[in-house]
Structures are given as C-alpha cells and as structure tokens.
1. Just for region B:321-341: of the residues that are in a strand (DSSP E or B) and within 14 Å of chain A (Cβ to nearest Cβ), which one is surrounded by the most Cβ atoms within 10 Å (Cβ to Cβ)?
2. In region B:307-320, which residues are within 14 Å of chain A (Cβ to nearest Cβ), surrounded by 19 or more Cβ atoms within 10 Å (Cβ to Cβ) and among the aliphatic types (A, V, I, L, M)?
3. Conditions first: (1) more than 14 Å from every other protein chain (Cβ to nearest Cβ); (2) touching a Lys or Arg at 6+ places or on another chain (Cβ under 6 Å); (3) under 30 Å from A:GLN28 (Cβ atoms); (4) surrounded by fewer than 22 Cβ atoms within 10 Å (Cβ to Cβ). B:PHE51 passes all but one, so which condition is the exception?
4. Quick check on B:ILE124: is it over 17 Å from B:ALA68 (Cβ atoms), in contact (Cβ under 8 Å) with a residue 40 or more places away in the chain, of a type in the set (Val, Ile, Thr) and surrounded by fewer than 20 Cβ atoms within 10 Å (Cβ to Cβ)?
5. I'd like to check something: does region B:234-248 contain any residue that is in a loop (DSSP other than H, G, I, E, B), at pLDDT 95 or above and of a type in the set (Val, Ile, Thr)?
6. For region B:342-365, give me the residue count where each residue is under 18 Å from the mean Cα position of the chain (by Cα) and not in a loop (DSSP other than H, G, I, E, B).
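The values are calculated or read from the model by the stated rules, or taken from the named source; none is laboratory data. This is a predicted model, so every value here is computed, not measured. A quick note on method: Cβ atoms are made from the backbone with ideal geometry, for glycine too, and the neighbour counts reach across all protein chains shown.
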Amino acid sequence: MKYTEEHEWLLPEDDLIVVGITAYAAEQLGDVVFVELPEVGTEVTKDEEIVVIESVKAASDILAPLDGEIVEVNEALADNPGLVNEDPTGDAWFFKMRPSDLSPMDDYMDEAAYKDFIG
Amino acid sequence: MTDTPKRTPLYDLHVELGGKMVDFAGWEMPVQYPMGIMGEHKQCREKAALFDVSHMGQVILRGNDIGAKLEKLCPQVFSTLPEGKARYGFFTNAQGGIMDDLIVSNAGEYFFVVVNAALRHQDIPHMAAHLDGVEVTEIFDRALVAVQGPSAEDVVGRLCPAARDLKFMETMLGEIDGVDCRISRLGYTGEDGYEISIPEGEAIRISRLFLAHEDCEPAGLGARDSLRLEAGLCLYGNDIDNGTSPIEASLLWAIQKRRREEGGFPGAERILKEISKGASRKLVGIKPEGRAPARQHVEIQNLDGDTIGEITSGGFGPTVGAPVAMGYVASAHAAPGGKVNLIIRGKVQPAEIVALPFVAQNYKR
C-alpha cells in the first residue's frame, strides 16, 4: 500500500489500483454525508479533481493519483457515505483505476513514511 | 482581523473536553468535540447539549424609557415589553437592510441585550450614539452558555428549580449553586432551552454541573449551525445582512402590528412598502432531491435555466437525514412546492421550494 500527501491510499490489485482515503483523513473530515464519484470509463489525469467528499463541515476534493482510466466506482458510497468514517481503508474504497503510467507510485509514501508525514 | 483570537471563560474546558478549536469572528471557539457534529446535533434534538456562546456581545442598558428609545433603531415594539420578557429584534439601516439581529430583555432595573459576536464593535457604538440618556455598558466579565434540547429543563431546573417555570422568551435572575446567573428561556436551535449568563470565574464550574447531568453533552459551532438551519433561523452574514430587508428575509412575524402601522424606524419607507406590495425576492427553504449538499452561493435556476436566486445557508440536516438549505429566490418562484434547479459544481441538481422550518420548533410556550 502507498500513500499520497493528499491522504489517499493506493492499493495495487492485479493490474488495477484501488484508491481510498486514510483513517486520518476521514477523522479530519468528520461525518461524511455525500460522495460524488467519477463515471466509469472516464480518462483522468494525475492531480485532476475527480471525487468530491462532503462532510457536515465542508466539501473536499480527491485528486487522481495517476494518469489512467476509471474502471469501477464504489456504488455503496452513494447510499451510505458514512462508510467513509466507519471503514475508510476497507469497504469505503472510492474507485479502481487502470493506470497508464505507474512511475509516480515510486514517489508516493510507504506506511512508515506516511505515519511520519501525519506526525 | 489581525488580532490573535480571543478566548472565552470556557476555553480551558473546551480543550479539556477535546474541542477542535477554530477562529470564529475573532474568537477561538470549538467547532466540535470528539462526538462529532452529527452526534452533537442529534444529542441536542433528543436530549440536551451545552454550547459556549460567550463570544456574543452582552450589553446592559440603563436609563429611562429604554424600550421607546430602542424603537428608534428597531422595527419592534419594546416600549411595552413586560419585565421578565425577551423579544427577538433587529437594527435596521436607512435603506431598510438589517444591521444585526439581537435579543432584547426587560430585566426590570435595566435592559439586557445580546448581539452577534462579529458586530459587537458596530452595535455598541450604534446604541451609545442613538439612545439619548441611556448608559450602554458592554459586559466583559460574564460567560454566556446555552443549554438546549428536550432535557434542558431538567439539566437547568434541578440546579435552579424556578427555571422550570419560565416559558419561552422569559428571563429571570436565578441562583445556581450559589452563583447569581441570568437565566433566559430561549436559544437558537429550534429546541426548548436556556441561555445562562454566568460570572466568568464560575463559568467552568457551573458548566460542569450542567454536563454532570447524564443527558447533557458539549456541542460546538458546527452543530449549532446545522441545528439553526433545520429550525429555519437566519444566520447574520449568511441569510441576512445590510442589503436584505426583513420582509425579504421572511421576518415580518418579528415586526409587531403597531410598528407596521406607524413606521418610525430606520428604513421604514422600504419596509412598509414591501409589507403592502411585497418584496422582489424572498428567503425560502430549499430541499435538494439528491444527496449533494447545496452550500452558500450555489446558484438557483428555474426549470428554463434562468437564474432566480442563490443559496445563503446550506448543508446536511442530521435530523432531516438529507441536505437542507435556505436562499433567496425571485418572489414569483417563492411558493412552497415549486421545482427549481441548483447548480452544484457545474451539475444541475433538482430541488424543491419548501416551507420553513425543516424541523418543527419545540419551544415551551
């Protein structure tokens, strides 16, 4: 598992990357009430805003961690956005993407580095 | 504001209770505690919640005919406000806009006024300049704590039994564990409850006595905002400001009959005209049909795609279980049941105009 400075976790699954947000990020956001996911089939560019998370406090964006295509989104979040608070690193994954360029993965943090990052 | 944020007498308690502190109108205030905004909101609707509202301005007015003099600044009737009663009002400007909203209480020997935190610096000179022969004194040495929710009567009443007999918008001096407090049965959550003015040195101790009740938990500004929004109550700076008239803001109920007939307050020309002929826009409740919250500044369109207004307050309503919002629309579109579209991040989201409040007010009258 790799981590971005935007508090996303990236989990390789066969030739896909599964993306969600960390428990730290979910805690900071507070109670999540709405998640707007990209459409399956969308071609995305690294650092493009592709997910909007609304908590009771405010709206936040999630950036595409890599170039590639969105191949699956977690429809369960539409009916139950609170999953993001309950199980951020498990059932509340956001989308799966087929990356066209994996090289940024080398720059992302491993778990130890991410723990240092959030202090 | 470049000053470092000020701290209320309850600051140390907020930190001890795990409050997440933010700068609000120049004050370091808890936006939430570990329970979270959703939980704190439901706590207030179902049991009781304690809010620190010490950032608001508490003002004492002393002199003769204070009520009548206040009527020169506000379109309310205060001259006959009975002793022990409180009334919601607002200062209007010459253009009929709202300078601030406030609560005025007749405390007998004096009048007690509470104004918004961000407007203390405006309101106090405004009163001092225009209330001839009235001594205007801002109180800096008392905390203001709100205990709100269906259990509030028991939380406060077991410490001060006389507070149980207060009705909505009544105020009294009462002793809580040996401390003289001003206890008023009002609030801004839509629930029954009290606001209690406490000497600063005793504020934490008295707050702990409230929190010792099994039904009472601390709540922050986040829950206060979602509670007042569901209750259809305006937030100054969002829903009402210097450019909005009370008629546009659907606050006609707060202008008593004599003032509607006689005028004699700043902006009366516009306000009386809007009372008789209607305002060009109205503040309405808006219920998005989907799950996406519509926040402040979201554009409101009619079904033909013409802009008809803007959201002024919006978010998720934990008791409603769905997004809720308020905003101004052209009066032709203000009737409940009307369908509109909201433009949220470039996407069209259907919504309906609804009557306010979203959650029935639960006052003890």
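1. Just the residues of region B:321-341 that are in a strand (DSSP E or B), to begin with: B:322-330, B:339-341.
From what is left, the residues that are within 14 Å of chain A (Cβ to nearest Cβ) are B:322-325.
Working: B:ALA322: 17, B:PRO323: 26, B:VAL324: 28, B:ALA325: 26.
Among them, the one singled out is B:VAL324.
2. Scanning region B:307-320 gives a single hit, B:ILE311.
3. (4)
4. On the way: over 17 Å from B:ALA68 (Cβ atoms): yes; in contact (Cβ under 8 Å) with a residue 40 or more places away in the chain: yes; of a type in the set (Val, Ile, Thr): yes; surrounded by fewer than 20 Cβ atoms within 10 Å (Cβ to Cβ): yes.
Yes, satisfied.
5. Step one: list which residues in region B:234-248 are in a loop (DSSP other than H, G, I, E, B), which gives B:234-235, B:237-239, B:241-248.
Still in the running and at pLDDT 95 or above: B:234-235, B:237-239, B:241-248.
So of that shortlist, the ones also of a type in the set (Val, Ile, Thr) come out as B:244, B:247.
Taking every residue of region B:234-248 in turn, at least one turns out to be in a loop (DSSP other than H, G, I, E, B), at pLDDT 95 or above and of a type in the set (Val, Ile, Thr).
6. The qualifying residues number 1.
Per-residue answers, yes or no, for (1) β-branched (Val, Ile, Thr); (2) modelled with pLDDT under 95; (3) more than 22 Å from B:LYS42 (Cα to Cα):
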residue: A:TYR24; (1), (2), (3): no, no, yes
residue: A:GLN28; (1), (2), (3): no, yes, no
residue: A:ASP31; (1), (2), (3): no, yes, no
residue: A:GLY41; (1), (2), (3): no, no, yes
residue: A:VAL44; (1), (2), (3): yes, no, yes
residue: A:GLY68; (1), (2), (3): no, no, yes
residue: A:GLU72; (1), (2), (3): no, no, yes
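For every residue, the table says whether it meets (1) buried (at least 24 other Cβ atoms within 10 Å of the Cβ); (2) within 14 Å of chain A (Cβ to nearest Cβ); (3) more than 15 Å from the chain's Cα centre (by Cα).
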position: B:SER184; (1), (2), (3): yes, no, no
position: B:GLY193; (1), (2), (3): yes, no, no
position: B:PRO199; (1), (2), (3): no, no, yes
position: B:LEU211; (1), (2), (3): no, no, yes
position: B:GLU217; (1), (2), (3): no, no, yes
position: B:ASN238; (1), (2), (3): no, no, no
